[in-house]
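The values are calculated or read from the model by the stated rules, or taken from the named source; none is laboratory data. Everything quoted here is computed from the prediction, not taken from an experiment. All Cβ positions, even for glycine, are placed from backbone atoms using ideal geometry, and neighbour counts span all protein chains on display.
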Amino acid sequence: MSDNLKVLFFGDVVGRPGREALKSVLASDGVYFEQYKEELNSDFVIVNAENASHGFGLTLKNHDELLSYGVNCLTSGNHIWDKKDVYQYIDNSNALIRPYNYHKTARGVGYRIFNDKILVINLLGKTFMQPVNCPFQAIEELSEKLNFEDKIVIVDYHAEATAEKIAFAKFASTSGVNAVVGTHTHVQTADEKNIDEKLAYITDVGFTGAYESVIGMDFESSIKRLVTSIPERFDVAESEKLQINAVKITFNKENNLPVEIKRINFLIDKRNKEGET
Ligand SMILES: [Fe+2]
Ligand SMILES: [Fe+2]
């Protein structure tokens, strides 16, 4: 039996192109499954799903769809409330988490423990984001409340500001957190590192979805909004090329510390393969 545990974490899945991309590489009947089987082989899969339903929020149908591809945990962010049916199912899901640092009356949960071993926490950042409870204080409270020592602790830190994400990661490494994966900007950064050999880190894991796009949304509505400064409805982009953005983190099961963090970033071209993607 291996002493390592591999966790795959996919950046925000945006709309149908994002779900298609994920299915094609992750589902055992996906058209690119065989090709990427080795690179994407893992023991546990986390997907940020805040944009999975038409770019905003997550419907029950898409929640179930993502889980059917072999995803173990769905994290989210500020967009999790956008599809109102989330209120119908969020308390029944055994995979979805929303940011922990909302007010205590918020529906759903902000962390989950899987197999008594993997603790996944979702937090919202505080800079250039809607005001929420302090994420630094939140992780301190959680480290006192939950036993971090005997678990692999992974935080999806959903935030805008790079410096804040780096500072949070260093802070969290002293609380027993083993990985901080940044999400929200949808642009993958090339700064993955193993901080003090204690915490695997990347500022932003990126997004999974349409490659020819503005962070997953179509050029036309995105540009019009910026040119006119008048609110414009964003549409999810269509693209022949789909991007897969993820990280694979290997942990030592004995001491829960990260051994390696590897960035994953590749394109699949829908025109190259016959059949369903
Ligand atoms: Fe997002
Ligand atoms: Fe977000």
Pair list, Cβ under 7 Å, 6 or more apart: region 202-223 residue under 10 Å from Phe234 (Cβ atoms), other residue assigned to a helix (DSSP H, G or I)
Val214/Ser222; Gly216/Gly15; Gly216/Gly18
Residues (more than 14 Å from ligand 1 (Cβ to nearest atom) and buried (at least 24 other Cβ atoms within 10 Å of the Cβ)) located in region 1-16
Val7
Could you say whether any residue in region 3-20 is more than 26 Å from Lys117 (Cβ to Cβ), modelled with pLDDT of 95 or more and not in a helix (DSSP H, G or I)?
yes
Residue count, region 96-109, condition within 12 Å of Ile121 (Cα to Cα) and touching a strand residue (DSSP E or B) at 6+ places or on another chain (Cβ under 8 Å), comes to 6
Applying the selection to region 175-232, what residues are of a type in the set (Ser, Thr, Tyr), within 16 Å of ligand 2 (Cβ to nearest atom) and part of a loop (DSSP other than H, G, I, E, B)?
Thr185, Thr189, Thr203, Ser213
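Going through Glu50, Glu38 one at a time, which residue ends up being assigned to a loop (DSSP other than H, G, I, E, B) and without any contact (Cβ under 8 Å) to a residue 24 or more places away in the chain? Quick ask: steps written out before the conclusion?
Values: Glu50 fails: without any contact (Cβ under 8 Å) to a residue 24 or more places away in the chain.
None of the other options fit; the residue is Glu38.
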I'd like the full set of residues that are within 16 Å of ligand 1 (Cβ to nearest atom) and in contact with a Ser or Thr (Cβ under 8 Å, 6 or more places away or on another chain), limited to region 64-81.
Leu74, Thr75, Gly77
Check whether at least one residue in region 150-172 is part of a loop (DSSP other than H, G, I, E, B), over 21 Å from Ile118 (Cβ atoms) and small (Gly, Ala, Ser), and report yes or no.
yes
When both residues are 6+ apart or on different chains and their Cβ atoms are under 6 Å apart, which pairs have a first residue that lies in region 58-78 and is assigned to a helix (DSSP H, G or I), and a second that is hydroxyl-bearing (Ser, Thr, Tyr) and surrounded by fewer than 19 Cβ atoms within 10 Å (Cβ to Cβ)?
Leu60/Tyr89
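Name every residue in region 221-231 that is of a type outside the set (A, V, I, L, M) and either farther than 18 Å from His186 by Cβ or within 16 Å of ligand 1 (Cβ to nearest atom) (or both), in order of residue number. It would help to see each step written out before you state the result.
Within region 221-231, the subset of a type outside the set (A, V, I, L, M) is 221-222, 224-225, 228-229, 231.
Those that are of a type outside the set (A, V, I, L, M) and either farther than 18 Å from His186 by Cβ or within 16 Å of ligand 1 (Cβ to nearest atom) (or both): Ser222, Lys224, Thr228, Ser229, Pro231.
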